[in-house]
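Down below is the structure, laid out as structure tokens.
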Amino acid sequence: MDSIHDAGSIIRKIDHTLLKADAREEDLRRLCAEAKQYGFTVIAVNPCWIPSCKKELAGTDIMITATVGFPLGQTLTETKASECDHAIDAGAGEIDMVMNLGKLLSGDEEYVFADITAAVDRCHRRGVKCKVILETCLLTEEYIVRSCTLAEKAGADYVKTSTGFNGPGATVEHLRLMRKSCSPAVKIKASGGIRSLAQVRAMVEAGADRIGTSAGLSIAAELGLFGT
């Protein structure tokens, strides 16, 4: 059965996500328990929760993805690089960093390239993959293409659609454009507003390798995985 229709394959593509500002310790514990119960192989959290989640996930192969420069991407380049180090030290196995959108739209692509490169280099030195969040809902098609080009040139492992904090998230059209704008060496992560199994399948068909969503449980329910 192909990866769009096989329940296990779909669950393994999902980063089970909790990034809300009001998320509490108990919510993060629940996130980890859900990942273990339903077969999510990755959780995505804000950096302060890495130690707690690492403890909850001890003895499992579930990976922790941590955000950097989240959600605006406007922190200093040195701060983003340092965030990568601290998150990896705490137990993050992947980093999702936010591109500096304002610098891109101001025409300072040299800054954007250096900003992404700093985070990617810190991650790769530690054997950790780095995803670059573009915030596609705020970009024209031209800027999406430019962003993908800069991210790939900087060595990013993935380009990612959205934070989910700045308007509409992933769209099929943007994913197709991102896929066309990157070589096969760069993977694509869709995130933001993905709430249903139908959306997940559409995103995968459009080129998404990974799906970031806080609706993992309802998607698992659609797949008939509750009670397993």
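The values are calculated or read from the model by the stated rules, or taken from the named source; none is laboratory data. Bear in mind the structure is a predicted one, so any value in this text is a computation, not a measurement. A quick note on method: Cβ atoms are made from the backbone with ideal geometry, for glycine too, and the neighbour counts reach across all protein chains shown.
When you look at LEU101, is it aliphatic (A, V, I, L, M), out of contact with any Gly (no Cβ under 7 Å at 6 or more places or on another chain) and closer than 20 Å to LYS189 by Cα, yes or no?
no
Are there helices (runs of 4 or more DSSP H) fully within segment 98-176 with at least 3 residues that are of a type in the set (D, E, K, R)? List them.
Helices (runs of 4 or more DSSP H) meeting the threshold: 109-125, 141-153.
Quick check on VAL132: is it within 20 Å of HIS174 (Cβ to Cβ) and under 16 Å from the mean Cα position of the chain (by Cα)?
It is true that VAL132 is within 20 Å of HIS174 (Cβ to Cβ) and under 16 Å from the mean Cα position of the chain (by Cα).
Right, ARG30: of a type outside the set (Val, Ile, Thr) and within 26 Å of LEU225 (Cα to Cα) or not?
Here the answer is yes, as ARG30 does meet what is asked.
Quick one: in segment 9-38, of everything that is farther than 23 Å from LYS131 by Cβ and of a type outside the set (D, E, K, R), which residue is surrounded by the most Cβ atoms within 10 Å (Cβ to Cβ)?
GLN37
Here's a check for you: in segment 122-139, which residue that is of a type in the set (D, E, K, R) and closer than 17 Å to GLY73 by Cα is surrounded by the fewest Cβ atoms within 10 Å (Cβ to Cβ)?
Step by step, filter segment 122-139, then rank; the result is ARG122.
Within segment 182-204, is even one residue hydrophobic (A, V, I, L, M, F, W, C), on the phi < 0 side of the Ramachandran plot, part of a helix (DSSP H, G or I) and touching a Leu at 6+ places or on another chain (Cβ under 7 Å)?
Within segment 182-204, one or more residues are hydrophobic (A, V, I, L, M, F, W, C), on the phi < 0 side of the Ramachandran plot, part of a helix (DSSP H, G or I) and touching a Leu at 6+ places or on another chain (Cβ under 7 Å).
Looking only at segment 168-177, filter to residues that are modelled with pLDDT of 95 or more and closer than 17 Å to LYS13 by Cβ; which one of those is surrounded by the most Cβ atoms within 10 Å (Cβ to Cβ)?
Once the filter is applied, the top-ranked residue is ALA170.
Do we find a residue being at positive phi, surrounded by 18 or more Cβ atoms within 10 Å (Cβ to Cβ) and not small (Gly, Ala, Ser) anywhere in segment 105-116?
no
Out of the residues in segment 140-167 that are among the hydrophobic types (A, V, I, L, M, F, W, C) and closer than 19 Å to LEU72 by Cα, state the one that is surrounded by the fewest Cβ atoms within 10 Å (Cβ to Cβ).
Checking each candidate, the answer is PHE165.
Any idea which residue in segment 178-228 is nearest to ASP27 (Cα to Cα), counting only those that are of a type in the set (D, E, K, R) and surrounded by fewer than 18 Cβ atoms within 10 Å (Cβ to Cβ)?
ARG195
Going by the structure shown, is MET178 in contact (Cβ under 8 Å) with a residue 40 or more places away in the chain, farther than 17 Å from THR65 by Cβ and out of contact with any Gly (no Cβ under 6 Å at 6 or more places or on another chain)?
Criteria met by MET178.
Being touching a Leu at 6+ places or on another chain (Cβ under 9 Å), within 19 Å of GLU78 (Cβ to Cβ) and either aliphatic (A, V, I, L, M) or touching a residue at least 60 places away in the same chain (Cβ under 8 Å) (or both) is the filter here; which residues of segment 105-121 pass it?
Passing the criteria: VAL112, ILE116.
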